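Only one structure is covered here, and it is reproduced in the block below.
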Amino acid sequence: MLDGRVAIVSGAGPNIGREIAGTLAADGAKVVCADVRSEAAEAAARELVDRGFEAIAVTADITDEAAMAGLVARTVEAYGRIDILVNNAAITGTPGLLEEDLAGFRRIVDVILAGTFNCTQHVAKQMVEQGDGGAIVNIASTSGHRGKAGSVAYQTAKAGILNFTRAAAVELAPHHIRVNSVTPTQTGTPVGGRARARDDATPPKSIPLGRWGRPTDQAQAVLFLVSDNASFITGADLPVDGGNLAVRISG
Ligand SMILES: NC(=O)c1ccc[n+]([C@@H]2O[C@H](COP(=O)([O-])OP(=O)(O)OC[C@H]3O[C@@H](n4cnc5c(N)ncnc54)[C@H](O)[C@@H]3O)[C@@H](O)[C@H]2O)c1
């Protein structure tokens with residue numbers, strides 16, 4: 001489906017980003033695994049190459065303009081173009097409104113919101129220059145749809161991702177570049193799989209489908225949104241949350 005297409009995945013570390021990178025590669029894309037931690041980027045790319053796919057690693061901080069220009073240049077140098085961007089990189093933090101300090105708040109909003117803007121702008125300019133469209137998926141969070149105590153910066157930034165997605169979708173539509181988001185709920189990782197399996201014994205009340213998310217749930221949704229099967233979908237958010245946003249827990 002994605003044969004010959006070139007994809008960048010930011011934050012391609014060990015969890016959801018790694019699964020997305022692997023899923024796009026298994027579908028035929030050449031994948032650039034970008035991460036601020038070089039060991040994470042390199043491990044992700046190595047795993048894909050070991051599986052027989054085409055991939056390279058790029059160490060880059062999404063908040064750094066020069067690094068994003070470098071990411072685009074390295075991708076074009078390696079593969080000639082960019083067709084797909086998945087803005088997955090993020091950081092989080094637990095302080096709530098009364099505990100968070102301004103520097104901490106700014107850091108989280110900077111990485112999630114300014115970083116996603118920065119990466120998208122550099123990649124979109126390359127896609128516009130190529131002239132034949134593209135697909136971008138931003139990874140949001142159920143925390144960006146609803147309020148809860150704690151993590152005030154993360155929740156605020158993830159809410160921003162939802163409307164950044166719509167704004168970018170409208171602006172880039174004339175260039176046939178589609179922009180959508182995926183909303184995960186709490187997602188077990190391959191690394192934490194065993195702990196999650198224990199948790200599965202007590203199904204979460206907040207998730208009607210009765211289990212935690214798995215990175216593959218998110219990756220399959222991203223694969224759909226970047227594929228031609230979603231060619232008339234832009235500016236949309238796809239919750240991949242087992243019904244978490246749909247349910248009202250009472251009592
Ligand atoms: N895991 C969950 O339960 C969950 C739930 C909802 C939403 N999400 C979202 O899904 C995405 C992936 O989550 P995860 O749990 O796999 O995260 P993770 O922390 O395991 O991976 C995030 C990766 O982003 C990288 N990164 C951080 N700052 C960066 C920067 N400035 N530049 C480049 N890379 C940077 C990190 O090095 C890391 O490898 C995130 O956007 C997260 O907010 C996750």
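I need the full set of residues from segment 143-167 which are of a type outside the set (Lys, Arg), within 17 Å of Gly235 (Cα to Cα) and surrounded by fewer than 24 Cβ atoms within 10 Å (Cβ to Cβ), in order please.
Here is the first cut: in segment 143-167, the ones of a type outside the set (Lys, Arg) are 143-145, 147, 149-157, 159-165, 167.
When the remaining residues are screened for being within 17 Å of Gly235 (Cα to Cα), the result is 144-145, 159-165, 167.
Gly144, His145, Ala159, Gly160, Ile161, Leu162, Asn163, Phe164, Ala167, listed by residue number.
Within segment 202-237, can you find the residues that are assigned to a loop (DSSP other than H, G, I, E, B) and within 16 Å of the ligand (Cβ to nearest atom)? Step through it out loud before you land on a result.
Pass one, segment 202-237, residues assigned to a loop (DSSP other than H, G, I, E, B): 202-212, 214, 227, 231-236.
Pro204, Ser206, Ile207, Leu209, Arg211, Trp212, Arg214, listed by residue number.
Among the residues in segment 164-174, are any more than 10 Å from the ligand (Cβ to nearest atom), in a loop (DSSP other than H, G, I, E, B) and under 21 Å from Leu223 (Cβ atoms)?
Within segment 164-174 (the criterion being more than 10 Å from the ligand (Cβ to nearest atom), in a loop (DSSP other than H, G, I, E, B) and under 21 Å from Leu223 (Cβ atoms)), the answer is no, since none of the residues qualifies.
Are any residues in segment 145-175 within 14 Å of the chain's Cα centre (by Cα) and either closer than 23 Å to Phe224 by Cβ or of a type in the set (S, T, N, Q) (or both), and if so, which ones?
Residues satisfying the conditions are Lys158, Ile161, Leu162, Phe164, Thr165.
So that you can scan it fast, the table gives a plain yes or no per residue for (1) within 11 Å of the ligand (Cβ to nearest atom); (2) out of contact with any Leu (no Cβ under 8 Å at 6 or more places or on another chain); (3) in a loop (DSSP other than H, G, I, E, B); (4) charged (D, E, K, R):
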site	(1), (2), (3), (4)
Asp132	no, yes, yes, yes
Ala135	no, no, no, no
Ser143	yes, yes, no, no
Arg146	no, no, yes, yes
Gln155	yes, yes, no, no
Lys158	yes, yes, no, yes
Leu162	no, yes, no, no
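Please find, among Thr120, Thr63, the residue that is at pLDDT 95 or above, more than 10 Å from the ligand (Cβ to nearest atom), closer than 26 Å to Ala168 by Cα and of a type in the set (Val, Ile, Thr). Steps first, please.
Details: Thr63 fails: more than 10 Å from the ligand (Cβ to nearest atom).
Every option except Thr120 fails the conditions.
Return yes when Ile56 is part of a helix (DSSP H, G or I) and of a type in the set (Val, Ile, Thr) and no when it is not.
no
Going by the structure shown, is Val109 within 16 Å of the ligand (Cβ to nearest atom) and in contact with a Leu (Cβ under 8 Å, 6 or more places away or on another chain)? Outline the logic, then answer.
On the way: within 16 Å of the ligand (Cβ to nearest atom): yes; in contact with a Leu (Cβ under 8 Å, 6 or more places away or on another chain): no.
So Val109 fails the test.
The values are calculated or read from the model by the stated rules, or taken from the named source; none is laboratory data. Only a predicted model underlies this, so the values are computations on that prediction, with no experimental measurement involved. We place every Cβ from the backbone using ideal geometry, glycine too, and count neighbours over all the protein chains shown.
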